[in-house]
Amino acid sequence: QVQLVESGGGSVQAGGTLRLSCAASGRTFGSSYAMGWFRQAPGEEREFVARITWNLGTRTADSVKGRYTISRDNAKNTVYLQMNSLKPEDTADYYCAADPDYGGTEGRSYRYWGQGTQVTVSL
């Protein structure tokens, strides 16, 4: 099993920054896992935000491209999501996900999920 714990969420004003962290643990977790971030706003479906592979290949959703950056520290089993120039429409619960294979942009591709951390952006 793999456990994922997100942190770093909070309330900020538009234009502000936050950095989310996701700490992974578990006997089967390894640096080869693909890691992803998804978000879900109230009343909306979950959407892909960003993904990073074991060899640091990244993909970012168009809606956050240029503002969000995903990274990972394999020595710490932690993945980060740096969020800059935040907008009110970025308000959502953000979830970390892990998959032993490719991961991808679809939530169903990920085997493990964290509990989420809330991000609120106000004007």
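Some values worked out for this structure:
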quantity: Whether region 1-103 is rounded, prolate or oblate, judged on the alpha carbon gyration tensor where a/c under 1.5 counts as rounded; calculated: prolate
quantity: Taking the chain and dividing mean pair separation by its residue count, relative contact order in percent (alpha carbons under 8 Å, at least six apart); calculated: 35
quantity: Cβ charges +1 (Lys, Arg) and -1 (Asp, Glu), total dipole of region 19-59, debye; calculated: 180
quantity: The chain, dipole about Cα centre (Lys/Arg Cβ +1, Asp/Glu Cβ -1), debye to the nearest 20; calculated: 340
quantity: Theoretical gain in end-to-end length, S122 to R108 [0.36 nm per residue, Cα-Cα removed]; calculated: 2.0 nm
quantity: Point-to-point label distance, L56-A41, nm (Cα→Cβ direction, 7 Å offset); calculated: 3.3
quantity: Summed residue charge, Cβ within 13 Å of E45's Cβ, Lys/Arg positive, Asp/Glu negative; calculated: -1
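Laboratory data are not the source of any read-out in this text; all were calculated from the coordinates shown. Keep in mind the model is a prediction, meaning the values are calculated, not measured. Neighbour counts are summed over all protein chains in view; Cβ atoms, including those assigned to glycine, are modelled from backbone coordinates with ideal geometry.
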